[in-house]
1. Could you tell me whether Ala10 is at pLDDT below 90, of a type in the set (A, V, I, L, M) and open to solvent by less than 60 Å² (accessible area, probe 1.4 Å)?
2. For Arg103, indicate whether it is of a type in the set (Lys, Arg) and touching a residue at least 12 places away in the same chain (Cβ under 8 Å).
3. I'm checking my understanding of the structure. Among residues of the range 27-54 that are part of a loop (DSSP other than H, G, I, E, B) and open to solvent by less than 20 Å² (accessible area, probe 1.4 Å), which one is nearest to Val147 (Cα to Cα)?
4. Output the residues belonging to the range 83-123 that are open to solvent by 20 Å² or more (accessible area, probe 1.4 Å) and assigned to a loop (DSSP other than H, G, I, E, B).
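The values are calculated or read from the model by the stated rules, or taken from the named source; none is laboratory data. This structure is a prediction, so every number in the text was calculated from the model and none was measured. Please note: Cβ atoms are built from the backbone with ideal geometry, for glycine as well, and neighbour counts cover all protein chains shown. Areas reflect the complete protein model, heavy atoms only, side chains present, ligands, DNA and RNA absent. Shrake-Rupley method; radii C 1.70, N 1.55, O 1.52, S 1.80 Å.
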Amino acid sequence: MNNLAPDPGAPHDRFDPSDVTPEGAAWLASAGTYPRSTLSHWESRPAAPVVLPCGSVFDVVNVPAVFGRRMLDRLWDEGPGTGPVAAHRGRMLLFTAPGTAQRLPSLLRWEEWGPAVPPLLCHGTGDAVTVPARAALSDPHLESRWVVAPDTRRPWLPGPEVVLWACVRAARADVDAAARISIFPAADQDAKVYDVSRRR
């Protein structure tokens, strides 16, 4: 398991929805029982999604799309970045280090900002997820697509502490934004306004 942060000097596009590289496909396929069959399936049908098991090569943290996007912003603007990320049926799938699915819920229970985090689905040992098609398709509104496509055989994957950090930062930003909006009451639309600038 490679749990080191990515090299900050390495060139990397912030969000890379391009095709999964052959190395990235090999990494994804290694999660399955029959990696060669998965790769053969993708070669014959590159636009087909695949169901892969979690727990050995990666875990997946599944979050609502809007909150997930805020987490990604925090991870890329202030943190170490992310591993592969997919969008699937209105949710974000963050590929994380094995063991994250088991540890993250307990960390959130201890964290004071935990209640501000929307319900997360943590997929680990015994679970499976639908992985988007290997080839990027032109429609950005597809039900399943890559946000950050896997491009190496050993991608860096955030562990539970990094994901917790991103959850807390995203939740804190939501609370701060709500507080800024609710400080002043809404303007009375029926109030009469008088021009007093000409009074002597």
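1. yes
2. Yes, satisfied.
3. First pass over the range 27-54, keeping only residues part of a loop (DSSP other than H, G, I, E, B): 30-34, 45-49, 54.
The next check asks that each one be open to solvent by less than 20 Å² (accessible area, probe 1.4 Å); those that pass are 31-32, 48, 54.
Working: Ala31: 20, Gly32: 22, Ala48: 16, Cys54: 19 Å.
Across the range 27-54, the extreme among qualifying residues is Ala48.
4. Arg89, Gly90, Pro98, Gly99, Glu111, Glu112, Trp113, Pro118, Pro119, Leu120
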